[in-house]
1. Scan the range 354-365 and give yes if some residue there is in contact with a Pro (Cβ under 7 Å, 6 or more places away or on another chain), surrounded by 13 or more Cβ atoms within 10 Å (Cβ to Cβ) and either among the hydrophobic types (A, V, I, L, M, F, W, C) or within 18 Å of residue 469 (Cα to Cα) (or both), otherwise no.
2. Sort out which residues of the range 326-349 are within 28 Å of residue 307 (Cα to Cα) and either under 49 Å from the mean Cα position of the chain (by Cα) or outside any helix (DSSP H, G or I) (or both), and write them in order of number.
3. Answer yes or no as to whether residue 152 is touching a Lys or Arg at 6+ places or on another chain (Cβ under 6 Å) and in a strand (DSSP E or B).
4. Restricting to the range 454-471, name every residue that is surrounded by 15 or more Cβ atoms within 10 Å (Cβ to Cβ) and either basic (Lys, Arg) or free of Cβ contacts under 8 Å to residues at least 40 places away in the same chain (or both).
5. Is it the case that some residue within the range 174-190 is modelled with pLDDT of 80 or more and in contact with a strand residue (DSSP E or B) (Cβ under 8 Å, 6 or more places away or on another chain)?
6. (1) at pLDDT below 85; (2) surrounded by 15 or more Cβ atoms within 10 Å (Cβ to Cβ); (3) out of contact with any Lys or Arg (no Cβ under 8 Å at 6 or more places or on another chain): which one isn't true of residue 117, the others all being true?
7. Report whether or not residue 216 is closer than 30 Å to residue 33 by Cβ, at pLDDT 70 or above and outside the structural domain of residue 16 (by TED's automatic domain parsing).
8. Just wondering, is there one or more residues in the range 23-46 that are part of a loop (DSSP other than H, G, I, E, B) and closer than 30 Å to residue 177 by Cα?
Amino acid sequence: MNTHASKPRSIASRLILLFTLATALLLASGLGIFYSLVVRHASAEDNAVLADKISAVRADFHESGANAFAEELNARRGGEHSAYWIRMLDSQGRTYAETPGMDRLLPPEIFPTPVIADEASADIQKSAAAVRNLKNYRKEAKLFSLIALNEQSGGQTYTLQIAQDRSSDERVERDFAVLFIVVLSGGVLASAFIAVTVTKRGLRPLGEMKQSLGRVGPTHLKERVAPASWPRELQPLAIAFDDMLERLDDSFTRLSQFSADLAHELRTPIANMMGEAQVTLTRDRTAAEYRETLESTIGECERLSRIVDNLLFVARVDAAREPIARKRFDARKAVEKIAAFYQTIADDHHVTISCSGEGQIYADPDLFERAVGNLLDNALRFTPENGSIQIALCQRGGDSEVAISDTGSGIAPEHLPRVFDRFYRAESSRSSDGAGLGLALVKSIVDLHGGSATIQSQVGHGTTVKLILPFPEK
């Protein structure tokens, strides 16, 4: 059993084959029709000449009489290259007279049945009837058209047998057929050559595109195909490649930044644990000092665990493997429950949390709680004392909106487009308490529900994050 897949045929070979076949078909059809017309025209002309010959022979027969006509036939010279051969038979079917040498080439029995016409028949009509009744006969390299007709003279019935030599016409037809094959073969070869030239020239932009794309690599993701310079048929492909390269460039940049940020985030707690452990081991410590080192190490491990947990969650959401157990629930009760959990922390910072509005939410309750909790945690972290956090609920069309506003320090406009990126933090002063994954996790949860997250902020006046979660279509 052959396990190797057959090599696919190239576009160039298909175009060349189809173009050549189409040209061959057109040439064969055209030349075939032309050949048929020429042959039919030549045959019609031969028949017309034969009809004229029949009329002339009949006229000569009636004017001269049977005896004189017979003497004229016997005296006529014959030969291999004679155009016409004539024989005269009596009523008993015996040869009365013939062109000399005719008995050797054309015996009487090979001729067709004589045409019988009454005396009133016109010469043209009888000649035409005889031509319609002709018989083709081949003798060695010669081709003859044979006819026979009955004529009356002196009260006797005679049969005239006339043979027309059409060998030269057959040779012309054969030579024309050879010419037809030569022209057809030459046309096919020429069309194949033209097809190869045109196809190679037409597909040259694909080779150039291949070279352009071949230069793309991790260090050359800025390479573009430049669609404006390509043929119109290839411009959509070039645009698609440029869009793909732009997405790859953006993804690669984000991945590189993510890797660098991840290494930085993981390096800090690990370095802290290693430093504390190394300092502790430089000399003997009391039990309280060892306990303090262990507690610090546990704190750093918990921080690492939260980072890893959040990263795993975001990765599962991006891969669409996170199961969603959606259901409809009261948004006000869910938000008040989350606010009550963070109220103790808010009281410590002298920050008030208030809820307003009503509505229903169609989402996974645990994921919704996690998203709103992250937003409240961020708001509490950056809201100064005596500030406030407002959670507003509303129904707009077929969507539920949850807006969380704080009176914190706000975010500069240049940072707003990237606040939902992983590990991105607008200010270095915020890096002590978080890893920059809170808003990225919120965005992932909202995307998982088919919703959207937007942010508005003004430096010194606070920030508003709005979550929009759709209801299922009815």
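The values are calculated or read from the model by the stated rules, or taken from the named source; none is laboratory data. Model, not experiment: these values are computed from the prediction. As a convention, Cβ positions derive from the backbone with ideal geometry for all residues, glycine included, and neighbour counts pool all protein chains shown.
1. Residues of the range 354-365 in contact with a Pro (Cβ under 7 Å, 6 or more places away or on another chain): 362.
Narrowing the set further to residues that are surrounded by 13 or more Cβ atoms within 10 Å (Cβ to Cβ) leaves 362.
Now restrict to residues that are either among the hydrophobic types (A, V, I, L, M, F, W, C) or within 18 Å of residue 469 (Cα to Cα) (or both): 362.
For the range 354-365, residues in contact with a Pro (Cβ under 7 Å, 6 or more places away or on another chain), surrounded by 13 or more Cβ atoms within 10 Å (Cβ to Cβ) and either among the hydrophobic types (A, V, I, L, M, F, W, C) or within 18 Å of residue 469 (Cα to Cα) (or both): present.
2. First, pick out the residues of the range 326-349 that are within 28 Å of residue 307 (Cα to Cα): 326, 334-349.
Passing the criteria: 326, 349.
3. In short, no.
4. Correct list: 466 only.
5. no
6. So the condition that residue 117 fails would be (3).
7. Values: closer than 30 Å to residue 33 by Cβ: no; at pLDDT 70 or above: yes; outside the structural domain of residue 16 (by TED's automatic domain parsing): yes.
No, not satisfied.
8. Our first condition is that a residue be part of a loop (DSSP other than H, G, I, E, B); within the range 23-46, this holds for none.
Looking for residues that are part of a loop (DSSP other than H, G, I, E, B) and closer than 30 Å to residue 177 by Cα, one finds none in the range 23-46, hence no.
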